[in-house]
Amino acid sequence: MDFGLSTGQRSLRAEVIAFARKNLAQDLAAGDRDGGFPAEDWRRCAAFGVLGWPVPAEHGGRGLDPLDTIIALEALGYGCRDNGLVFAINNHLWGCAIYLIEHGTPEQKRRYLRPMCDGRLVGAHALSEPEAGSDVLSVQTTARREGDHYVLSGTKCFISNGPVADVFLTMARTGNGGPAQDQLSAFLVTADLPGVRKAGELRKLGLRTCPMGVVELDNVPVPAANLIGREGAGYSIFSATIEWERAFMFASHVGAMQRLLEASIKHARSRRQFGRPIGSFQAVAHPIADMKIRLELARLLLYQVGWLKREGRLALLEATMAKIFISESLVATAMAAVEVHGARGYVSDAGSDAGSDAGSGAVAGIDGTGMERELRDALGAPIYAGTSAVQRGILAELLGLQGSLR
């Protein structure tokens, strides 16, 4: 058993880190302060190939295998400080593109994957509704067959990438009888169809450069050719695909954890109090040691999922564990980083006043470190892609400890 990266994987990691540091998040403080989608950085990522890492080469992607994709995403999270941009990329890949890769028809792949790889199309996952989130089978959006198309009606909310998305992987109810798991279907809904309305953007605590919004579907005529899989297979498609999202979306979080660890070590070595570096005090050193433990355990869980998927094996249990541990570890690491940096970790680097022309946190020689933004960005991780509470229920069910959530 070899725990080391291959020469090719080390080269890939170094290549991604160098690209991200040089080209991305050049005005992050302003982006966090003002919100807004970093369209130019998105185009740079497309040109570099990020948006097509897991997509087969014949459809315009790079065709990385699952483990190499995880390594690349981890490197992106390490090299790019714009967690919102990275989150938008992950939603594009694991909330939309992966459904086409795994379940799309040849024509659907031909039509949509290449423009999703080159940045012309932004993807999103339109699943959540006012009364349906983790409870997928409670989706109320309907899809009624009429000739060569379906008519979709309903409201989707908390849709990451929603305000800028061009294509939505959408779950809708196509049946009114029989088992609940046979009543959902998956559709590709393009934003240019009549009746699709982006109803507004939601302001968030963190990840502000990844826009989130509400999408209303008012009798939207969706071509039957845009049905993913067969009618009524939406839940089984979702269940078969969700392990990609639960693990791969969190690969970049492992990179962010390493970045926060290194920043904390650097500060603990250079910051002096009581005549010596603060890192020499156990009260500072021990939380940093815990950051390292969490990082290494998170990486092992993550790479295990990548290996299993590369081998074509199921990884639902492993992906569920990875999702829980990595998301909660990111929050704990970000909180520790704020505490290690003290007041400098608590103040913003986006200017002392939202209306200030300063554009930075420099006030009387005091600079913000961005740690408070890192914490705000981290807090959503145990919520999106299935809350930690729901994931623990799924894990318990997989272990045979409790009945189905249904």
### Query
Does at least one position in segment 255-266 carry a residue that is open to solvent by 30 Å² or more (accessible area, probe 1.4 Å), under 17 Å from Y99 (Cβ atoms), in contact (Cβ under 8 Å) with a residue 24 or more places away in the chain and in a helix (DSSP H, G or I)?
no
### Message
Looking only at segment 23-44, filter to residues that are part of a helix (DSSP H, G or I) and touching a helix residue (DSSP H, G or I) at 6+ places or on another chain (Cβ under 6 Å); which one of those is nearest to L205 (Cα to Cα)?
### Response
D32
### Summary
Pairing a residue in segment 13-36 that is within 10 Å of R81 (Cα to Cα) and open to solvent by 60 Å² or more (accessible area, probe 1.4 Å) with any residue that is assigned to a loop (DSSP other than H, G, I, E, B) and of a type in the set (A, V, I, L, M, F, W, C), where Cβ atoms lie under 8 Å and the two sit 6 or more apart in sequence or on different chains, gives R21/C80
### Message
I'd like to know if segment 85-99 contains one or more residues that are surrounded by 23 or more Cβ atoms within 10 Å (Cβ to Cβ), among the polar types (S, T, N, Q) and in contact with a Leu (Cβ under 7 Å, 6 or more places away or on another chain).
### Response
no
### Task
Quickly run through segment 143-162 and pick out the residues that are part of a strand (DSSP E or B), at positive phi and of a type outside the set (G, A, S).
F158
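Can you find a residue that is exposed (fewer than 15 other Cβ atoms within 10 Å of the Cβ) and either modelled with pLDDT under 95 or not in a loop (DSSP other than H, G, I, E, B) (or both) anywhere in segment 299-309?
Keep residues of segment 299-309 that are exposed (fewer than 15 other Cβ atoms within 10 Å of the Cβ), which gives 300.
When the remaining residues are screened for being either modelled with pLDDT under 95 or not in a loop (DSSP other than H, G, I, E, B) (or both), the result is 300.
Yes, because at least one residue in segment 299-309 is exposed (fewer than 15 other Cβ atoms within 10 Å of the Cβ) and either modelled with pLDDT under 95 or not in a loop (DSSP other than H, G, I, E, B) (or both).
Can you name the residue in segment 37-77 that is charged (D, E, K, R) and open to solvent by 10 Å² or more (accessible area, probe 1.4 Å) and is also farthest from the chain's Cα centre (by Cα) among such residues?
Start the filter on segment 37-77 by keeping residues that are charged (D, E, K, R), which leaves 40-41, 43-44, 58, 62, 65, 68, 74.
Going one step further and asking which of them are open to solvent by 10 Å² or more (accessible area, probe 1.4 Å), we end up with 40-41, 43-44, 58, 62, 65, 68.
Values: E40: 19, D41: 16, R43: 18, R44: 18, E58: 25, R62: 20, D65: 19, D68: 17 Å.
Here the answer is E58.
In segment 45-63, which residues are under 24 Å from G84 (Cα atoms) and either modelled with pLDDT under 95 or not in a helix (DSSP H, G or I) (or both)? First the steps, then the outcome.
To start, the set of residues in segment 45-63 that are under 24 Å from G84 (Cα atoms) comprises 45-55, 61-62.
Passing the criteria: G49, W53, P54, V55, G61, R62.
Look through G123, G104, G133 and report the one residue that is at pLDDT below 95 and surrounded by 17 or more Cβ atoms within 10 Å (Cβ to Cβ). Before you say what the answer is, go through the steps one by one.
Working: G123 fails: at pLDDT below 95; G104 fails: at pLDDT below 95.
The conditions single out G133.
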### Task
Run D353 past the list (1) at pLDDT below 95; (2) assigned to a helix (DSSP H, G or I) and report the number of the one that doesn't hold.
(2)
### Message
Take S160 and tell me if it is at pLDDT below 95, small (G, A, S), farther than 14 Å from V196 by Cβ and out of contact with any Pro (no Cβ under 7 Å at 6 or more places or on another chain).
### Response
no
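Within segment 310-344, how many residues turn out to be assigned to a helix (DSSP H, G or I) and open to solvent by less than 20 Å² (accessible area, probe 1.4 Å)?
Step one: filter segment 310-344 for residues assigned to a helix (DSSP H, G or I), giving 310, 316-341, 343-344.
Going one step further and asking which of them are open to solvent by less than 20 Å² (accessible area, probe 1.4 Å), we end up with 319-320, 322-324, 326-327, 329-330, 333-334, 336-338, 340-341.
Total meeting the criteria: 16.
Quick one: is G232 closer than 28 Å to G178 by Cα and part of a loop (DSSP other than H, G, I, E, B)?
Values: closer than 28 Å to G178 by Cα: yes; part of a loop (DSSP other than H, G, I, E, B): yes.
Here the answer is yes, as G232 does meet what is asked.
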### Task
Check segment 272-284 and report whether any residue there is in contact with a strand residue (DSSP E or B) (Cβ under 8 Å, 6 or more places away or on another chain), closer than 15 Å to V338 by Cα and modelled with pLDDT of 95 or more.
yes
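Considering every residue within segment 277-297, establish whether at least one is touching a Phe, Trp or Tyr at 6+ places or on another chain (Cβ under 9 Å) and open to solvent by 80 Å² or more (accessible area, probe 1.4 Å).
So the first thing to find is which residues in segment 277-297 are touching a Phe, Trp or Tyr at 6+ places or on another chain (Cβ under 9 Å), and the list is 281, 294, 297.
Pick out the ones that are also open to solvent by 80 Å² or more (accessible area, probe 1.4 Å) and you get 297.
Looking through segment 277-297, at least one residue is touching a Phe, Trp or Tyr at 6+ places or on another chain (Cβ under 9 Å) and open to solvent by 80 Å² or more (accessible area, probe 1.4 Å).
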### Query
Taking the stated definitions as given, is V254 aliphatic (A, V, I, L, M) and more than 15 Å from the chain's Cα centre (by Cα)?
no
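The values are calculated or read from the model by the stated rules, or taken from the named source; none is laboratory data. For clarity, every value in this text was computed on a predicted model and none was experimentally measured. Every residue, glycine as well, gets a Cβ built from its backbone with ideal geometry; the counts of neighbours run over all protein chains shown. Accessible surface is based on the protein model in full, side chains and every heavy atom, while ligands, DNA and RNA are left aside. Shrake-Rupley method; radii C 1.70, N 1.55, O 1.52, S 1.80 Å.
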